[in-house]
Amino acid sequence: DLAHFLNSSKRTLPRRYLTTAFEVLVSHLRSPVSQALLDDPKTCRNAMASILGISALGDEFYSNKNNKPLIRQCWPEIICWAKALFRGRKTNGLFLQALDSLFNGATLIDVELIDNDDMFDFAIELWTGEEEGVLARHRYTLCPLSILLDLHGDQTEKFFRKTGSNAAILVQTVLARFAAVSSDEFEKGGSADLLILLNELAISSVGEIV
């Protein structure tokens, strides 16, 4: 189907079809989230595939000013399903990569889509992962949180307030996750975002890391 094509093919759709593709993909996310739908494997597969497909439309789609009103209008539905699928453990590592792309895409469309407490809380959830103490890269993602931490100078302090954490605890978590990165993932740059976060913490004005 369309979502599979966008995610598995090295080719891209012609520019004139991108908006139509977006409308087809987002149509699977129009239904309000309910437990009944989350209990239906086919519905969850379609919703996840749609989010994967939307994320694969690329910067050309997201940076096109003509598409921005459409994306803004549909953003709440996309995020509502993304939250439900993640919280319901209906996802996989590709889904988390798709959310990375969506957060990056939002910076091209309208940063206010993600620059709010609700999205900050969701980014923390994605960083925390499927359960406390998660180390495997396919079960958490740092990218959304990293994007939001870069938006304002006080974002790191905000993160600590919301999580009841501090710099030392965060560094311990980052180091544990860094140590868990496999050699194959390391060669593919799978640890780069963790190293960037460590560097940001090292130069942060929040306080000394001890």
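The values are calculated or read from the model by the stated rules, or taken from the named source; none is laboratory data. Just so it is clear, the model here is predicted, and its values are computed rather than measured. A quick note on method: Cβ atoms are made from the backbone with ideal geometry, for glycine too, and the neighbour counts reach across all protein chains shown. Only protein heavy atoms, including side chains, enter the accessible area calculation; ligands, DNA and RNA are left aside. Shrake-Rupley method; radii C 1.70, N 1.55, O 1.52, S 1.80 Å.
In table form, for the structure just shown:
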quantity	calculated
Selected residue (only one of Leu151, Leu135, Leu170 is farther than 26 Å from Val26 by Cβ, among the aliphatic types (A, V, I, L, M) and open to solvent by 30 Å² or more (accessible area, probe 1.4 Å))	Leu135
Residue satisfying condition, being closer than 28 Å to Leu52 by Cα, of a type outside the set (D, E, K, R) and modelled with pLDDT under 90, within set Leu151, Leu142	Leu151
Count - residues of the stretch 60-110 that are charged (D, E, K, R), part of a loop (DSSP other than H, G, I, E, B) and open to solvent by 60 Å² or more (accessible area, probe 1.4 Å)	3
